[in-house]
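What follows is a single structure, written as structure tokens, with notes after it.
The values are calculated or read from the model by the stated rules, or taken from the named source; none is laboratory data. Remember, predicted model here, so these are calculated numbers, not experimental data. Virtual Cβ from ideal backbone geometry, glycine too; neighbours counted across all protein chains shown.
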């Protein structure tokens, strides 16, 4: 066991071979099925090559070379400076690789709601008679909640992330929000690692391992809420390093904002070990109530308040048990029945769900610096005597276990999307291992080389993959001219999520381009003739039509 570097490289190669076999099996090799869901498509197109890179880096780093430990010291000595450099690099990647385009419906919904908030409104406003055109059928009253009478429309997600995005949208820089949160997260992992170990170099290790992880960088180029979740959870842990009344209240406020980002589950899972520790520690009742006092205002206003608002906007519960009259008992029963239906939709263990969880674990490894997860496990064990290190490990474990019964896969997105809110624990715990393990420095030299190679080559590969994927995805959209008044009809394509393009409409239809669902060429032409009699057809293809408005 003296050659821990060799053991780590061997484990990474073995893990890569195993997960490549699982990917080939799960995605139906030799691929006789022409279509597949997006998660399997991304696994096949990106993760096999990604694992090959991870294995190659793991082996290449064994070759003796000058150890880049000086980089670790540089990161440790100037975390804010390097975080600023990372911010600039992520912003460039947002435009160059991710095309500054929201890929998934989750991202579109966050932007939709943030634009409504930036305009000083709680909802968007669509013409009621066009709701069936402006909201894809499968997303109506599921992702976008609409009042058929007034045309008011709101995202079904809790409003925290949209509120974070709103100021950036107001200045026309929505793309800056997640890169800024990721850069701030770098400083937090450095400060947490340094604080837990008592060694400044640990902060440099944590930053290097985060920067060398394509999942960390790539998620920050998106409009998913996961980077915000991760930042707020890290800040929550930082505040709870000391359990003074002021920091407990501050942690509760930060936790309540994390709770309402898009749904409460990611923060609930992360915070559970910390809350249990407080409830069982010294001055348990006082500290617990102080923490709850911090949670209460925003948690009730933005969490419970938004849920009640959406219920009113939604109207009567579908498939209700009792008539939707004024009887409060009937209303409560119908609401509970609706929650039960939603619960049964989200949760359920079946063979496909179990395999999805396993494959997502593989993405966690392949989108991270080589050996990061193994080193984090080692750091969790070595730091078991340090309360905060132990709790960070439990937070990540709770997140993994909490998502086991989820019945569907993560769909599109980069890295292990469901686990990303707790991802910040990994570089902190891995840094703990690197400063505590004594093997003559071989493991540290090896890890530094592997991280440097991953920082350069694995990030380049993943960003190139994202560039190609975005290019292919945008090619599904009918070509139109930016800044010109047009109506773009989108032909539904369930396997490639083309209908998500319709979700990019401005909540008040202020943008010159309006996207609508196609209901067939004849019906679309009749809609244009009736509403825009002077419109001129400029594109007609299998993916839809473009009409220029005069």
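Would you confirm whether or not the range 115-137 contains a residue that is within 17 Å of the chain's Cα centre (by Cα) and either crowded, with 22+ Cβ neighbours inside 10 Å or not in a helix (DSSP H, G or I) (or both)? Checked the range 115-137: no residue is within 17 Å of the chain's Cα centre (by Cα) and either crowded, with 22+ Cβ neighbours inside 10 Å or not in a helix (DSSP H, G or I) (or both). Counting only residues that are at pLDDT below 95 and assigned to a loop (DSSP other than H, G, I, E, B), which one in the range 423-453 is surrounded by the most Cβ atoms within 10 Å (Cβ to Cβ)? Residue satisfying both the conditions and the ranking: 437.
One line per residue, one yes/no per condition, for (1) part of a loop (DSSP other than H, G, I, E, B); (2) closer than 30 Å to residue 194 by Cβ; (3) outside the structural domain of residue 364 (by TED's automatic domain parsing):
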site: 23; (1), (2), (3): no, no, no
site: 46; (1), (2), (3): no, no, no
site: 50; (1), (2), (3): no, no, no
site: 59; (1), (2), (3): no, no, no
site: 67; (1), (2), (3): yes, yes, no
site: 89; (1), (2), (3): no, yes, no
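Scanning the range 406-422 for residues that are in a loop (DSSP other than H, G, I, E, B), at pLDDT 80 or above and either in contact with a helix residue (DSSP H, G or I) (Cβ under 7 Å, 6 or more places away or on another chain) or over 15 Å from residue 41 (Cα atoms) (or both) gives 410, 411, 412, 414, 415, 416.
Of all the listed residues (508, 469), the sole one being in contact (Cβ under 8 Å) with a residue 12 or more places away in the chain, surrounded by 13 or more Cβ atoms within 10 Å (Cβ to Cβ) and in the same structural domain as residue 223 (by TED's automatic domain parsing) is 469.
From the list 86, 97, 15, the one residue that fits, being buried (at least 21 other Cβ atoms within 10 Å of the Cβ), within 30 Å of residue 514 (Cα to Cα) and out of contact with any strand residue (DSSP E or B) (no Cβ under 9 Å at 6 or more places or on another chain), is 97.
Conditions (1) out of contact with any helix residue (DSSP H, G or I) (no Cβ under 8 Å at 6 or more places or on another chain); (2) modelled with pLDDT under 95; (3) closer than 21 Å to residue 80 by Cβ, marked per residue:
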position: 142; (1), (2), (3): yes, yes, no
position: 153; (1), (2), (3): no, yes, no
position: 182; (1), (2), (3): no, no, yes
position: 209; (1), (2), (3): no, no, yes
position: 212; (1), (2), (3): no, no, yes
position: 216; (1), (2), (3): no, no, yes
position: 221; (1), (2), (3): no, no, no
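Go through 424, 402 for me and flag whichever is within 20 Å of the chain's Cα centre (by Cα) and under 30 Å from residue 138 (Cα atoms). Within the list 424, 402, the selection yields 402. I'd like to know if the range 443-464 contains one or more residues that are within 25 Å of residue 108 (Cβ to Cβ) and out of contact with any helix residue (DSSP H, G or I) (no Cβ under 7 Å at 6 or more places or on another chain). Yes.
For the condition touching a strand residue (DSSP E or B) at 6+ places or on another chain (Cβ under 8 Å) and not in a loop (DSSP other than H, G, I, E, B), residue 473 does not qualify. Looking only at residues in the range 484-495 that are over 11 Å from residue 514 (Cα atoms) and touching a strand residue (DSSP E or B) at 6+ places or on another chain (Cβ under 9 Å), the one that is modelled with the lowest pLDDT is 492. Restricting attention to the range 481-497, the residues being crowded, with 16+ Cβ neighbours inside 10 Å and either more than 28 Å from the chain's Cα centre (by Cα) or without any contact (Cβ under 8 Å) to a residue 12 or more places away in the chain (or both) number 4. Condition check for residue 500 on (1) under 24 Å from residue 93 (Cα atoms); (2) surrounded by 20 or more Cβ atoms within 10 Å (Cβ to Cβ); (3) at pLDDT 90 or above: one failure, at (3).
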